[in-house]
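Following: one structure in structure tokens, then a few remarks.
The values are calculated or read from the model by the stated rules, or taken from the named source; none is laboratory data. All values derive from a computational prediction rather than experimental measurement. Cβ atoms come from the backbone with ideal geometry, glycine included; neighbour counts cover every protein chain shown. The protein model used for the area step is the full one, side chains on, heavy atoms only, and it has no ligands, DNA or RNA in it. Shrake-Rupley method; radii C 1.70, N 1.55, O 1.52, S 1.80 Å.
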Amino acid sequence: MTLTRRALVASGLAAPAILSMGLKAKAATTLKISHQFPGGTIDEGDFRDRMCRKFAALLAERSKGELEVQVYPGSSLMKTNAQFGAMRKGALDMSLYPSPYAGGEVAEMNIGLMPALVSSYEQAVAWKKAPVGRKITEILDSKGILLVSWVWQSGGVASRERPLYAPADAKGLKVRGGSREMDLMMKQAGAATLSIPSSESYAAMQTGACDAVITSSTSLISFRLEELSKSLTSGRERSYWFMLEPIMMSKIAFDRLPKDQQDLIMAIGAELEPFGQAGAKADDTKVEEIFTKAGAKVQNLDEKTLGQWRDIARETAWKDFAGKSASCAELLKLAEQVS
């Protein structure tokens, strides 16, 4: 049977189309992760940015390109304080986000920077598998947020002039504490407080709006506060400032993914936790070196002084937090059980 010219043309056009459909690769799903910290590379810079980039690289590799993550440092995608609400609505996929910044929407999240409640990395890391960690996970889940990777950071105090070491030193200072609860403790000690993200600390110190900034060792380094400071109270040996600063994910974004990709995200998140903790501890030492080199006076808290801060925190921040709701009271009780 002889093929007509029309049939030949039709078969010639159809063959490439069928072939291309068969060879077409599955389109990648792209996730966006935002954070407020300075950007760098996978090997250099703020460890929190590096952690996000490592997460992106591992996810792309192990999903064989089916999942891609775009990292947006320096609040370049959206403002810092908007990120938590955006994740809850599904407008942002992921963020490495300081937990107390979410306290305005979910009061229980202020437990992640409760002054003098956590005093060591060992105690902090134990939260994840303890009842307090399970309770935090449950609360966030009900609010549309998933905890992918737990990270804790110790912090210290950078001061423009005189040191902020013991409670008696706080009187008359304008202090950035990092959470409502930290502010309550500082106010009781005699300080005035201001509420700003750590990314705005440099400008606040530079203009004199702030005399002392309490933040993580990593942020003290990344935001170059040694340029404006004459004193550092380090968080290396002990601290009343320990913050939960995890990688969070929108449940809306997570639930769109197939089970194998969900499992991959959670597995890589857990795998990166030791990297995050090592980075935080390394910066506790590095910050002392940087501030010393810049000419600042550096000192570590002793146990007696930490106890003085804890006494004030217990009567102000802890009591206020527990009084907010039965859920907050339960969280605090569970946290106190972790030693």
Low-density loop trypsin sites (Lys or Arg not before Pro), the stretch 140-181, at most 12 other Cβ within 10 Å, DSSP non-H/G/I/E/B, are K171
Here the tail fraction of P(r) beyond 37 Å, over all Cα-Cα pairs of the chain, rounds in percent to 23
In this structure, among K135/K319; K54/K281; K79/K129; K143/K281, pairs with alpha-carbon gaps over 23 Å are K79/K129; K143/K281
Taking Cα atoms only, helix 273-293 is inclined relative to the longest principal axis of the chain by an angle, in degrees rounded to 10, of 50
Regression test value, accessible area per residue of the chain, probe 1.4 Å, units Å², expected 44
Which of L117, L306, L257 fluctuates most in a GNM of the chain (C-alpha springs under 10 Å)? That residue is L257
Expected unfolding gain across A166-D255 under the 0.36 nm per residue rule, minus the alpha-carbon gap, is 27.3 nm
For the A209, Q188 Cβ pair and Förster radius 25 Å, calculated FRET efficiency rounded to 0.05 is 0.70
per DSSP, antiparallel bridges as share of beta bridges in the chain, % nearest 5, sits at 55
Simple spin-label estimate for K143/S325, 7 Å along Cα→Cβ, in nm, reads 0.8
Looking only at aspartates and glutamates whose Cα falls under 14 Å of K230's and that sit 8 or more positions away or on another chain, we get E161, D211, E288, E289
